[in-house]
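Undergrad: Mind looking over this structure? Questions follow.
The values are calculated or read from the model by the stated rules, or taken from the named source; none is laboratory data. These figures come from a predicted structure and were not determined experimentally. Note that each Cβ is placed from the backbone with ideal geometry, even for glycine, and that neighbours are counted across all protein chains shown. Remember, those area values only see protein heavy atoms, side chains included, never the ligands or the DNA or RNA. Shrake-Rupley method; radii C 1.70, N 1.55, O 1.52, S 1.80 Å.
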Amino acid sequence: MVFPEYRSRRLRRTAPLRALVRETRLSADQLVYPLFVVPGKKVRQPVVSMPGVFRVSVDNLAAEAEELLALGINSVILFGIPENKDGAGSGAHAKDGIVQRAIKQLKRSAPQLVVITDVCLCEYTDHGHCGFLVDNEVDNDATLEILAETALSHARAGADMVAPSDMMDGRVAEIRAALDENGFEMVPIMSYAVKYASAFYGPFRDAAESTPQFGDRRGYQMDPANVREALREATLDTEEGADILMVKPALAYLDIIARLREEFDLPIAAYQVSGEFAMIKAAAANGWIDGERAMEESLLAIRRAGADIIITYFAKEMAALLKKA
Ligand SMILES: [Zn+2]
């Protein structure tokens, strides 16, 4: 059937008709809110390049959890900024480390909240790289042990899920083995399986104080030009026991999300990173775009591409908007 018998516009005529045939929807319970936890008491520090995002101390986490749950957001991912850094990133797996204390606080004040932890060393090393250095290069195999120990310390503190973001080879298997050997066989791994060496991480590194002190991360993160490599990474992580596969960043990599959705049956997560958030916020602050519509459109695009889960700094704003609708 073709025009004039068929007219596409018939189903676009009114808001209820459009809602009836809408193919993709957003829901607050698929959003994950990133939390930056800092030392100190009563700290609630704005991140300048990310309007509306704060770095908070452990004692302020209960209030955060309450706000999130009231908005219908059930999951957070934790990033810690420790008191001290060293060459080996030993603060990452300290029993009373910043993230370990944060997990305990959150599970105490909001047991139903899904607490996911970022597992990496870059916030804890004085050189800012994601692993252990040998001759100024990140040594893959020496890093694995520290990562597994870090994931295990998060599980011991009560984390519901661990999310390795370092891009070392073999880390999912190493972490899975460490968790299983210690009675945490029910703690899932959300792997940052496909993480690109991206310019869009800039504002995050301010917030997490994790900028490399020399060089860059192209020796372990992926080349933005590659898609077949993404499929290889996802295959390896699936074989090693990942429960969820993540693509990071999101908006510049929608094709990668769509390919993973087609080729894998694990849940797919996408991380709408700090730079994606900051660009929309900056343009909106200048009056150049409608910030609210751009937020919703970008999140819908990530869902439409095939992501089940979206980690986003917009989680609170989007959830508030969904509540209003
Ligand atoms: Zn890292």
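Undergrad: Quick one: among Arg44, Arg176, Arg228, which has the greatest mean-square fluctuation in a GNM of the chain with alpha-carbon springs under 10 angstrom?
TA: In the Gaussian network model the winner is Arg228.
Undergrad: In whole angstrom, note down how far apart the Cα centers of segment 82-151 and segment 186-202 are.
TA: 15
Undergrad: For Lys316, give me every one of the lysines with a C-alpha distance below 17 angstrom, ignoring sequence neighbours fewer than eight places off in its own chain.
TA: By straight Cα distance, Lys316 reaches Lys281, Lys324.
Undergrad: Can you tell me the dipole magnitude for the chain around its Cα centre, using point charges on the Cβ only (Lys, Arg +1; Asp, Glu -1), in Debye to the nearest 20? Let's see the in-between values first.
TA: Details: 37 positive and 47 negative charges, 429 e Å.
The calculation lands at about 2060 debye.
Undergrad: How much of the DSSP beta bridge set in segment 24-324 is antiparallel, as a percent to the nearest 5? Before the final figure, lay out the partial values.
TA: Working: 5 of 38 bridges.
Restricted to segment 24-324, the bridges split so that about 15 percent are antiparallel.
Undergrad: Next question, about the same structure. For the chain, modelled as a GNM with alpha-carbon contacts under 10 angstrom, which of Ala15, Ala62, Ala315 fluctuates the most?
TA: Maximum among the listed residues: Ala15.
Undergrad: Right, another one. Using a 1.4 angstrom probe on heavy atoms only, work out the carbon and sulfur share of the accessible area of segment 24-324 in %.
TA: About 50 percent, which is the carbon plus sulfur part of the accessible surface.
Undergrad: Have a look at Gly91, Gly215, Gly131 and tell me which one the Gaussian network model of the chain (Cα, springs below 10 Å) gives the largest fluctuation.
TA: Judging by the Gaussian network model, the answer is Gly215.
Undergrad: Then there's this: Can you give the Rg to Rh ratio of segment 24-324, both from alpha-carbon atoms, with Rh computed by the Kirkwood formula?
TA: 0.93
Undergrad: Using a probe radius of 1.4 Å on heavy atoms only, what accessible surface per residue do you get for segment 24-324? Whole Å² is fine.
TA: Numbers: 12490 Å² over 301 residues.
Solvent-accessible surface per residue comes out at 41 Å².
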